[in-house]
Amino acid sequence: MIFIKDILNVFFPDICACCNTHLTRNEETICLVCRHDLPLTNFTNEENNLVEKSFFGRIKIENATSLFYFLKKGKTQQLLHELKYKNQQQIGALMGNWLGSEIKESKRFKNLDYIIPVPLHPKKLKSRGYNQVTTFGKSLENILKIPFDEGFLKKISSTKHKPKNYV
Ligand SMILES: [Zn+2]
């Protein structure tokens, strides 16, 4: 089986979603160099982190986190672009597995009930054909063993995206 994969890899090489180098047999979705270089926030175990502060005075929350810092033209932007616009949904799984493992080990995120994504507007869902957070949410569901419910929220109007410096 590995032999067949190796032959296929000669003709259709898997490439890193960040830097486009060929992946080795032990790498998946992104190469080890990019995996090491991605700007992790380490917010999951940090009280009053930047994400939590962004909610202060606006909405009451228990805890919040994000996986990576977002740097324009950086590796995080490249990954999100591939996930959002090029249907590279394995990136959602990579990020969901990564964040899910962090959350699972954290004392700050216990007794979670549901994973609820912000939905896409129906028009955008129709034109894109998928919601980029679906594989992310399903991977979280798989690791954390709590339900991922895509039908809980409904988007009734289109909103402009406001850039943040974390994702
Ligand atoms: Zn790479």
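A compact table of results
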read-out	value
Check: the range 40-167 dipole with +1 on Lys, Arg Cβ and -1 on Asp, Glu Cβ, in debye	740 debye
Angstrom value of the Kirkwood radius, inverse mean 1/r, which spans all Cα pairs in the chain	17.6 Å
The chain, relative contact order [Cα under 8 Å, separation at least 6], %	21 percent
Charge-dipole axis of the range 54-167 as Lys and Arg at +1 and Asp and Glu at -1 on Cβ define it, positive-most pick from Tyr130, Phe109, Leu94	Tyr130
Across Lys84/Lys145; Lys86/Lys107; Lys84/Lys104; Lys60/Lys84, pairs whose alpha-carbon gap is larger than 31 Å	Lys86/Lys107
Using alpha-carbon coordinates, inclination of helix 2-11 to the longest axis of the chain, degrees	90 degrees
Protection-proxy order for peptides 122-131, 43-52, 76-85, each taking the mean of Cβ atoms within 10 Å per residue, highest first	76-85, 43-52, 122-131
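Readers should treat all values here as calculations from the given coordinates under stated rules, not as data from a laboratory. Since this is a predicted model, take the numbers as computed values, not measurements. Positions of Cβ are generated from backbone atoms using ideal geometry, with glycine treated the same way; all protein chains shown enter the neighbour counts.
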